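Visitor: Before I ask anything, here is the structure I am working with.
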Amino acid sequence: MTNDNTTHFGFKQVPKQEKVALVRGVFDSVASQYDVMNDLMSMGIHRIWKRVAVQLANVREGDSVLDLAGGTGDLTKLYEKRVGKSGQVVLADINAAMLRTGRDRLIDHGLSGNIRYAQVNAECLPFADNTFDCVTIGFGLRNVTDKDAALRSMYRVLKPGGRVIVLEFSHPIDPITAKVYDFYSFNLLPKIGAIVAKDEDSYRYLAESIRMHPKQDELKQMMENAGLERCEYFNMTQGIVAVHRGYKF
């Protein structure tokens with residue numbers, strides 16, 4: 001149970017003001033091996049999940065996109081192709097190490113003209129009202145301390161007619177998948193993290209944080225409470241991952 005002054009960091013209860021620093025420590029530790037670990041953890045399927053999320057965003061040429069918790073830039077790279085030279089993608093992350101890694105990676109791929117970078121907290125976005133055609137957050141909402149505040153902030157900076165896309169690990173929809181997923185998450189994943197990223201504890205936290213994330217219907221309700229309309233979600237890989245979408249009208 002949490003109270004007004006505490007929140008969860010994985011399965012642990014911590015003071016709210018400490019969670020940001022704790023999460024920062026996790027991603028500072030894994031930034032250099034983040035892409036390699038994503039491929040190993042998901043057997044490459046994360047690339048399909050991200051492409052589906054971008055398709056559901058319905059981004060067009062000339063649009064402005066905010067990619068929150070953008071990390072190493074996978075989603076930004078996909079959105080950049082869609083918005084074209086007349087559009088813009090802002091790669092944003094609260095973690096400086098992840099943001100630097102994403103910037104360097106995108107520049108190495110020759111992508112720079114229509115991409116901007118911002119170190120921001122999703123709970124209090126420093127952008128004007130009605131700025132973006134699409135706000136997306138990929139595998140980052142579960143690490144936010146106040147998810148409701150983040151969703152309200154996303155709604156505020158979204159243009160009327162725009163949409164919020166939340167791509168996140170979720171909860172398997174059948175018991176067999178859930179049991180296999182639990183075994184993998186708590187027995188194999190931390191060991192892979194120890195070998196590849198030299199950090200077992202951070203990947204144990206990541207597994208725990210997924211279990212503490214709201215279930216699909218609960219997150220849909222949270223999006224509606226933030227003001228978004230026509231909210232819906234799309235399960236992938238038996239609910240291990242879900243894409244939530246909501247609109248601002």
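The values are calculated or read from the model by the stated rules, or taken from the named source; none is laboratory data. All figures in this text were calculated on a predicted structure; none of them were measured in a lab. Backbone-built Cβ (ideal geometry, glycine too); neighbour counts: all protein chains shown. Areas reflect the complete protein model, heavy atoms only, side chains present, ligands, DNA and RNA absent. Shrake-Rupley method; radii C 1.70, N 1.55, O 1.52, S 1.80 Å.
Visitor: Scattering from the C-alpha atoms of segment 137-193 alone, worked out with Debye: what is log10 I(q)/I(0) at q = 0.21, 0.27 1/Å?
Guide: -0.89, -1.09
Visitor: Then there is this: Extending each Cα 7 Å along its Cβ direction at residue 60 and residue 232, get the distance between those two points in nm, one decimal.
Guide: 1.9
Visitor: What lysines does residue 179 reach when the alpha-carbon gap must be under 24 Å and sequence neighbours fewer than 8 apart in one chain are set aside?
Guide: Those lysines meeting the cut-off are 12, 191, 215.
Visitor: With each run of n ≥ 4 DSSP H residues scored as -39500 (n - 2.57), what mean residue ellipticity at 222 nm is computed for the chain after dividing by its residue count and rounding to the nearest 500 deg cm²/dmol?
Guide: On the way: 10 runs with 110 residues, N = 249.
Value at 222 nm, helices only: -13500 deg cm²/dmol.
Visitor: Also: Quick one: which residues, 5+ away or cross-chain, put their amide H under 5 Å from the amide H of residue 241? H built at 1.01 Å from N.
Guide: Result for residue 241 returns 170, 236.
Visitor: Can you spot the aspartates and glutamates whose alpha carbon is less than 13 Å from residue 220's alpha carbon? Ignore those fewer than 8 places along the same chain.
Guide: 148, 168, 229, 232
Visitor: Further question on the same structure: Report the rotationally averaged projected area of the chain based on its alpha-carbon convex hull, in square nanometres.
Guide: Its Cα hull, projected and averaged over all orientations, spans 12.3 nm².
Visitor: Out of all Cα-Cα pairs in segment 52-111, roughly what percent, to the nearest whole number, are more than 20 Å apart?
Guide: Counting every Cα pair in segment 52-111, those more than 20 Å apart make up 21 percent.
Visitor: Another one. For segment 15-163, report the translational diffusion coefficient in µm²/s to the nearest whole number, using Stokes-Einstein at 37 °C, 0.692 mPa s, and a Kirkwood Rh over Cα pairs. Intermediate values should be presented prior to the final figure.
Guide: Numbers: Rh = 15.5 Å.
Using the Kirkwood radius from Cα pairs, D works out to 211 µm²/s.
Visitor: Which order do you get for 11, 186 if you rank them by accessible area with a 1.4 Å probe, largest at the top?
Guide: From most accessible down to least: 11, 186.
Visitor: Which listed residue (99, 172, 145) has the Cα farthest towards the positive end of the charge dipole for segment 38-182, taking +1 on Lys and Arg C-beta and -1 on Asp and Glu C-beta about the Cα centre?
Guide: Farthest towards the positive pole: 99.
Visitor: If I compute solvent accessible area with a 1.4 Å probe over the protein chains, what percent of it on segment 110-181 is carbon and sulfur?
Guide: Working: 1580 of 2830 Å².
With neighbouring chains kept in place, the figure for segment 110-181 is 56 percent.
Visitor: If you don't mind, there's one more thing I want to ask. Counting pairs on different chains as well as pairs 8 or more places apart, how many Lys pairs in segment 15-163 have Cα atoms under 27 Å apart?
Guide: For segment 15-163, the number of qualifying lysine pairs is 14.
Visitor: Could you pull out which residues in segment 208-224 have an amide N less than 16 Å from a spot 7 Å beyond the Cα of residue 52, following the Cα-Cβ vector?
Guide: Within reach of a label on residue 52, which here means backbone N under 16 Å from a point 7 Å along Cα→Cβ, segment 208-224 contributes 216-217.
Visitor: For Cα pairs less than 8 Å apart in space and 6+ apart in sequence, what is the mean separation divided by the residue count of segment 15-163, i.e. the relative contact order in percent?
Guide: 24
Visitor: Roughly how many debye, to the nearest 20, is the charge dipole of segment 15-163 about its Cα centre, given +1 on each Lys and Arg Cβ, -1 on each Asp and Glu Cβ, and no other charges?
Guide: In debye, rounded to 20, segment 15-163 gives about 260.
Visitor: Also, I was wondering about something else. Short version: ³J(HN,Hα) in whole Hz for each residue of segment 177-187, in order, from phi by Karplus 6.51 cos²θ - 1.76 cosθ + 1.60 (θ = phi - 60°), x for Gly and Pro, what are they?
Guide: 4, 4, 5, 5, 5, 4, 4, 5, 5, 9, 10
Visitor: Please name which of 186, 221, 58 has its Cα lying farthest along the dipole of the chain towards the positive end, using unit charges on Cβ (Lys, Arg +1; Asp, Glu -1) and the Cα centre as origin.
Guide: 58
Visitor: Taking the Cα centre of the chain as origin, sum charge times position over the Cβ atoms of Lys and Arg (+1) and Asp and Glu (-1), and report the length of that vector in debye to the nearest 20.
Guide: The calculation lands at about 400 debye.
Visitor: Before I look further, what does the chain give for accessible area per residue, probe 1.4 Å, in whole square angstrom?
Guide: 46
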